[in-house]
1. Residues of the range 610-662 being in contact (Cβ under 8 Å) with a residue 24 or more places away in the chain, of a type in the set (Asp, Glu) and assigned to a helix (DSSP H, G or I), which ones?
2. Looking at the structure I just gave you, is Tyr178 under 22 Å from Gly265 (Cα atoms), in contact with a Leu (Cβ under 7 Å, 6 or more places away or on another chain) and either in the same structural domain as Met96 (by TED's automatic domain parsing) or not hydrophobic (A, V, I, L, M, F, W, C) (or both)?
3. For the range 184-211, enumerate the residues that are hydrophobic (A, V, I, L, M, F, W, C) and closer than 17 Å to Asn243 by Cα.
4. Just to be sure I understand, how many residues within the range 71-95 are closer than 24 Å to Val185 by Cβ, free of Cβ contacts under 8 Å to residues at least 60 places away in the same chain and not in a loop (DSSP other than H, G, I, E, B)?
5. Sort through Ala107, Ala167 and tell me the only one that's hydrophobic (A, V, I, L, M, F, W, C), buried (at least 24 other Cβ atoms within 10 Å of the Cβ) and either part of a helix (DSSP H, G or I) or not assigned by TED's automatic domain parsing to the domain that holds Trp260 (or both).
6. Restricting the search to the range 121-163, which residues are of a type outside the set (Lys, Arg), under 17 Å from Pro72 (Cβ atoms) and in a helix (DSSP H, G or I)?
7. Could you please let me know if Arg128 is in contact with a Lys or Arg (Cβ under 7 Å, 6 or more places away or on another chain) and either over 17 Å from Leu193 (Cα atoms) or of a type outside the set (S, T, N, Q) (or both)?
8. Would you point out the residue of the range 426-471, among those that are of a type in the set (Asp, Glu) and under 30 Å from Arg635 (Cβ atoms), that is surrounded by the most Cβ atoms within 10 Å (Cβ to Cβ)?
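The values are calculated or read from the model by the stated rules, or taken from the named source; none is laboratory data. As the structure is a computational prediction, the values presented were derived from the model and not from experiment. Don't worry about glycine lacking a Cβ; one is built from the backbone with ideal geometry, like all the others, and counts go over all protein chains shown.
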Amino acid sequence: MAKDNASKRDPRYDILFEPVRIGPVTAKNRFFQVPHCNGGGYRDPSAVVEMRRVKAEGGWGVIFTEQVELHPSSEITPFIELRLWDDKDIPALARMAEAMKSQGALAGIELAYSGVNGSNLYTREVPRGPMSAPILTFYKDPVSTRAMDKTDIRDLRRWHRDAYKRAKRAGYDLIELYGAHGFGVVQHFLSPLTNQRSDEYGGSLENRARLFRELIEEGKDAVGDTMAIGVRLSLHEMGGLENAEVRDLIEMHSDLPDLWDLGHGTWEDCSGPSRFVEEGAQEPLVGGIKALTDKPVVGVGRFTSPDAMVSQVRRGVLDFIGAARPSIADPFIPRKIDEGRIEDIRECIGCNICVSGDMTQSISRCTQNPTFMEEWRKGWHPERMNAKGESATVLVIGAGPAGLEAARAAAMRGYEVALAEAGTELGGRVRLESRLPGLAAWGRVRDYRAHQIGQMTNVGVYFDSALSAQDVLDFGFEHVAIATGSTWRRDGVARHNLAPIAIDTAMPVFTPDDLMAGNLPKGGEIVLYDDDHYYMGGVLAELLVQKGAKVTLVTPANLVSEWALNTLEQIRIQSRMIELGVTIVTAQAVSAVGAKGVTLSCAFTGRKRELACDAVVLVTTRLPEDALWHDLKARDGEWAAAGIKSVRRIGDADAPAPIAWATYAGHRFARELDGEPLNGALSFRREVTEITAVE
């Protein structure tokens, strides 16, 4: 894309805006939004359409759907993806293609036949795969695939041809066959782990690639010369289709697909969290592949730095900069680079909270971008705010993630904002947590908002400002947001222990707040009790090991950091604990803390045993710091006389949760200023299933 008069980009980034040919179509630049799930799928089609439309506005050259199930004989309930089972699915997908192409991007659709991953819990069809084998799903569903015979394979090819034609009718420019992350039938036939056939579709790589060739060749015949057909492959499958064989496959079929979209390995590898995976981590696996093919190569790596992007292209590693999570955190990355506004990019922090939306079959969130998946539901735009209401002034108390976002967004609307922070630094819990092992990237939540606020003339920041209710009443701001955060409990209450446990004062007991403040246990034998089940327990165990402690991590769950399954990091966390020499005790709760140790209770039987230690760290749950809210609420009869129209507690001060909930709460506060009271009404739009008349 040639630089236009509006472009103010640094010339060293010009290479990112060059057009790239993909078979019969051309992308306007090298920014390639690879397929990514979002929790919306067939249930929330308008929400997904508008989310992709915003990316088109943000300047992406290629924009893809998430995986689209192409036939009812292979579906992945309970996960909520898109479907192209028959002609009834075309209108919704056509709306999405139109939205993607609205600003000149190519519209891509990722067609998936899930095979070994499709349990068919909804359709009740018998799953089909290269061979008879257990279904490989997150839920370990107790069903198996039927080994495809020649008739099944002919049906599969026909179903693909039908899907290609429907995708063309829906207006898509580019099709990708999903054969990555262990999730698609293309990979299942290619991999010796899932294909142990003895016919012409099994054995040698050439035979295992037979279906791969047929699907692409027949696809090109089906859609003609107006659509491109690419493939999405994993770069390395441990013990299966490993990197060397992937390279052989690409060299053997270098000119077959119009594009090679290459991901790291498993989904956990490809979307590795920043705690464990650096930007551009897949380069050792993808480097040199461009020399094997004249067709463009796409790769991912949680790229947020334009310089890193340019380096990949100039050194011949990639043709396209693939992005999923960075495109969620900031859909406007291409435009901001083009407009010379690199400092305004909301950089992905790699927390993978977005993934949890898909894993929990809900709507995805983003810690950095609270408007993600709310573009249609609430009408929120990531770069524009609604007009200012009739009021003029806002006081935000607390400069953590909720307070920073509330101040930034309210100021964008045009309000005069005062941000009062009791301490001497911005960031709240983000400031503290980003200093823990592996969480440095999380500081971007603070850094982005601090930079934006620093450019605004209508925001005043006041440190050392611990305010009382009387102070707030005396100031007379029209709207008040109380974002005073939360503190970790030290009485053992969480999910397993619903009531406080007995704690002997002779035993040193610590909470995450203590450790983050630098107050660490002095003893060598530490019991860390994790009834939080997310990242904090594992991170603090790592911190203690770094400080020379011997740590026993106790949890009533069956896995360490069990909820982190939803962010694709549980395996890495537990592996890290093992590598660090942490003793892991699962399915046990700390039911009492004595002078010389703790009492453990079996989570299943209640059977008790003693465990000696020198100190205890309780990672349980948090309580809101809401005393100021209650003080003000008790004096609500004085609000009007003080000029106060509303007081709201937001973020952890309202209800402790992950950081993404806090930034969302701050943004929502700003959006709803001077709005009509909901009075119990739904706060977002939804689509309701149409009732079909029974004949």
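1. Residues satisfying the conditions are Asp631, Glu638, Asp652.
2. Working: under 22 Å from Gly265 (Cα atoms): yes; in contact with a Leu (Cβ under 7 Å, 6 or more places away or on another chain): yes; either in the same structural domain as Met96 (by TED's automatic domain parsing) or not hydrophobic (A, V, I, L, M, F, W, C) (or both): yes.
Taking the combined requirement at face value, the residue satisfies it.
3. Going through the range 184-211, the residues hydrophobic (A, V, I, L, M, F, W, C) turn out to be 185-186, 189-190, 193, 205, 209, 211.
Those that are hydrophobic (A, V, I, L, M, F, W, C) and closer than 17 Å to Asn243 by Cα: Val186, Phe189, Leu190, Leu193, Leu205, Ala209.
4. Residues flagged as closer than 24 Å to Val185 by Cβ, free of Cβ contacts under 8 Å to residues at least 60 places away in the same chain and not in a loop (DSSP other than H, G, I, E, B) within the range 71-95 amount to 4.
5. Numbers: Ala107 fails: either part of a helix (DSSP H, G or I) or not assigned by TED's automatic domain parsing to the domain that holds Trp260 (or both).
Just a single option satisfies the conditions, and that option is Ala167.
6. Asp152, Asp155, Leu156, Trp159, His160, Asp162, Ala163
7. On the way: in contact with a Lys or Arg (Cβ under 7 Å, 6 or more places away or on another chain): yes; either over 17 Å from Leu193 (Cα atoms) or of a type outside the set (S, T, N, Q) (or both): yes.
Criteria met by Arg128.
8. Start the filter on the range 426-471 by keeping residues that are of a type in the set (Asp, Glu), which leaves 433, 447, 464, 471.
Filter once more, so that each one left must be under 30 Å from Arg635 (Cβ atoms): 464, 471.
Details: Asp464: 9, Asp471: 14.
The extreme case among them is Asp471.
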